[in-house]
Every structure is written in structure tokens, then in C-alpha cells.
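Data block below; observations after.
The numbers here are math on the coordinates, done by the rules we state, and not lab data. The shown structure was predicted, so the numbers you read here are calculated from the model rather than taken from an experiment. Positions of Cβ are backbone-derived with ideal geometry, glycine not excepted, and every protein chain shown enters the neighbour counts.
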Amino acid sequence: MPKNVETKEIKLVAIQELYPDPLQPRQDFEEIEMKKLKDSIQSKGIMNPIVVEPKKDGKYLIVDGERRYRVSQQLKMEKVPINVLAEELDPTERNIVRFQLQETHKQWSVFEKAEALSQLKDSLELTIAELATALAMTKVTVERYLSILAFAPKVRKQLTKQKIGFTFMEAMSRTQG
């Protein structure tokens, strides 16, 4: 299980010192939500620092805040606020921290959450029950999320676009198997 993750400091850094994690399960960013975020950052700045972990090369890997990072790039911001984790994480710890942080975001899609759960389950080599315990979720909830991964990527995209509710998606996934 991951160690207690602490932050070291909050500071401003050049945007070139940051880079996104290619293993980030969240890859779809809704255009409308990105526009809202851009308008907000343009008028008020970045209210919540981007959570990063320090890397040996002196740069920072984004753990939480890739949307803020992308918008900052679009706005050609030179510096951005970051919240630096006290130490570098291994991929499993990073995914658990990211999962816990993403739980607080409303834009976290059900498929992104399901993918993150699947990645954690596989990387930690846990049973569904063990994963549920590690994330303070019920076993049934984890099973339900994992079940929707049976949908083909094209179907996932359509269900997300149509804003189909998780309960309905999960019921549909049961009829597929």
C-alpha cells in the first residue's frame, strides 16, 4: 500500500519545468469545460496549484492539474503555481494519489474512473476486494465500474457523449456478457 503522501511546498515555476504523465488515465477533456476553465484562469488566475512530483532531472511530473497546465500553455503563461509532493512516487503510488484527487473532480468520467481502477488493480496485483479496501470503496462498486470496461471504445465514447448515467451503463454491460 502507498505511504502517506505529503507536500513539501507551494511555489511558482516556469511552465516549461512541468510535463504531463503519459500514463494519466484521464485523456478526454471536454471542449466546453476547457473553455470555462480558460475563462476562469484568464480572469482570476490559477486558484488551485497544479499537484506535481519532483523528478531527478529537476523537472516536475503532473499528478493532478493537467487541464490547468494545458490552459496555461494556451494562454502562454510563463509561470504557474505548483504544489510539490515531498518525494518522487512509484507508478502505483502515483496512480492511487491521482485516483483520490480525481474523486474530487466533477469532470472525472465513469470510464476514466473505471480505467484507473483497472490500472490500480493490475499494477498492485490486488483482488477486487483488496482494491476496494485500499480505496475505501465497496467491492460491489469496484465490480460495477470494472464491468463497464467491456464496452468497445467506440461505444464508450458514444455513451459519454450522450451523458448516459453510470447505473444504466452498468446494467447494459451485464446484458452484453
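Summary table below
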item	result
Scattering curve values for the stretch 1-100, log₁₀ I(q)/I(0), Debye with Cα scatterers, q = 0.25 Å⁻¹	-1.44
Percentage relative contact order, the chain, counting C-alpha pairs under 8 Å, at least six apart	23 percent
Estimated vicinal HN-Hα couplings, Hz - the stretch 134-140 in sequence order (Karplus 6.51, -1.76, 1.60; Gly, Pro = x)	4, 9, 6, 10, 7, 4, 4
Residue pairs, from the table 59/161; 121/157; 56/79; 36/56, whose Cα atoms sit over 28 Å apart	59/161; 36/56
Amide H contacts under 5 Å for residue 75, placed H, 5+ residues apart	none
Calculated Rg and Dmax of the chain using C-alpha coordinates, Å	17.4, 51
Segments 114-121, 166-173 sorted - mean Cβ within 10 Å per residue, highest first	114-121, 166-173
Added length on full extension, which subtracts the Cα-Cα distance from 0.36 nm per residue, residue 168 to residue 23	49.4 nm
